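The values are calculated or read from the model by the stated rules, or taken from the named source; none is laboratory data. Everything numeric here is computed off the predicted structure, so don't read it as measured data. Cβ sites come from the backbone with ideal geometry, for glycine too, and all protein chains shown count toward neighbours.
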Amino acid sequence: MTRSGGAADVHIGRRVRVSFQRYPVSAAGVSAGVPSSWGLLPAAPDGGVVLVPLADGEGCWIGLTAIGSARTALVCAAVECADGTWTDAVSGSDAGRDFPLDAEGIVVSPFAVLAGIAAAKGEWWALSRAPDGPTPIARAVRLVSFLPRRAPRPPASAGSRPPLAHDNGGNAPSQNLWATRAHVAAGAWRVDRPQELRVELIDPKTFLARTGHKASAALDPSAPYQGWRLP
């Protein structure tokens, strides 16, 4: 993990680069796809975890980029809720004792998005530490990556640059970035060498106290970010 300008360059091991994109959580707390980004959140390492500041009423989605020779990985995600239980973010069910070996993950090849916590009817709850509505409170996110057993073919649509997190027309990233899933136990993934990252979602004042770095300024709900590319 490297640092630049007070923010960490975050990875799951050496396989997947991770970014955190902020946005205002709606009253309903769910979205049918990936919300437009209001900008990149800072992140900082602290004692083996990565800290990400989220203000009250803000949510984030997680951008994923596979790096290295494989350019493909499977990422599973579990979210720690306010009551201390863990939810499988990809399925929306409880993350049991065998997580992630009994879980589905998101195929990152080479880009993908974790929109939040899977809800009913194909919607997603926001990842938010202090939502205003019925959204589950998220304290932390556990991300686990697996490599494919065989080198995959490059996807036909993969370009040399990541997609826009928000374009000038107000569109969110293409939904095909988060729709492709696979089961860890399906036989296509190397379960013997997982790599893991724990992310804690904290309030901006605590982030400043623990890292010495200020969080992003309060977002303007009427002004989504224009054109930032996923790292």
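With G92, G96, G105 as the choices, which residue is in contact with a strand residue (DSSP E or B) (Cβ under 7 Å, 6 or more places away or on another chain) and surrounded by fewer than 18 Cβ atoms within 10 Å (Cβ to Cβ)?
It is G92.
Taking A44 as meeting all but one of (1) small (G, A, S); (2) under 30 Å from A188 (Cβ atoms); (3) more than 13 Å from the chain's Cα centre (by Cα), write down the number of the exception.
For A44, the exception is condition (2).
Is it the case, given these coordinates, that G59 is touching a residue at least 60 places away in the same chain (Cβ under 8 Å) and either on the phi > 0 side of the Ramachandran plot or touching a helix residue (DSSP H, G or I) at 6+ places or on another chain (Cβ under 9 Å) (or both)?
no
Looking at the stretch 36-53, can you tell me whether even one residue there is touching a strand residue (DSSP E or B) at 6+ places or on another chain (Cβ under 7 Å), polar (S, T, N, Q), at pLDDT below 95 and in a strand (DSSP E or B)?
No - not one qualifying residue is present in the stretch 36-53.
Does G39 satisfy the condition of being of a type outside the set (D, E), more than 27 Å from L147 (Cβ to Cβ), surrounded by fewer than 24 Cβ atoms within 10 Å (Cβ to Cβ) and within 15 Å of the chain's Cα centre (by Cα)? Steps first, answer last, please.
Values: of a type outside the set (D, E): yes; more than 27 Å from L147 (Cβ to Cβ): yes; surrounded by fewer than 24 Cβ atoms within 10 Å (Cβ to Cβ): yes; within 15 Å of the chain's Cα centre (by Cα): yes.
So G39 passes the test.
In this structure, does G84 turn out to be of a type outside the set (D, E, K, R), surrounded by fewer than 17 Cβ atoms within 10 Å (Cβ to Cβ) and either free of Cβ contacts under 8 Å to residues at least 40 places away in the same chain or part of a strand (DSSP E or B) (or both)?
So G84 passes the test.
Would you call A140 assigned to a strand (DSSP E or B), under 23 Å from F207 (Cβ atoms) and in contact (Cβ under 8 Å) with a residue 24 or more places away in the chain?
Numbers: assigned to a strand (DSSP E or B): yes; under 23 Å from F207 (Cβ atoms): yes; in contact (Cβ under 8 Å) with a residue 24 or more places away in the chain: yes.
Yes.
So how many residues does the stretch 120-147 have that are at pLDDT 90 or above and surrounded by fewer than 18 Cβ atoms within 10 Å (Cβ to Cβ)?
Count: 4.
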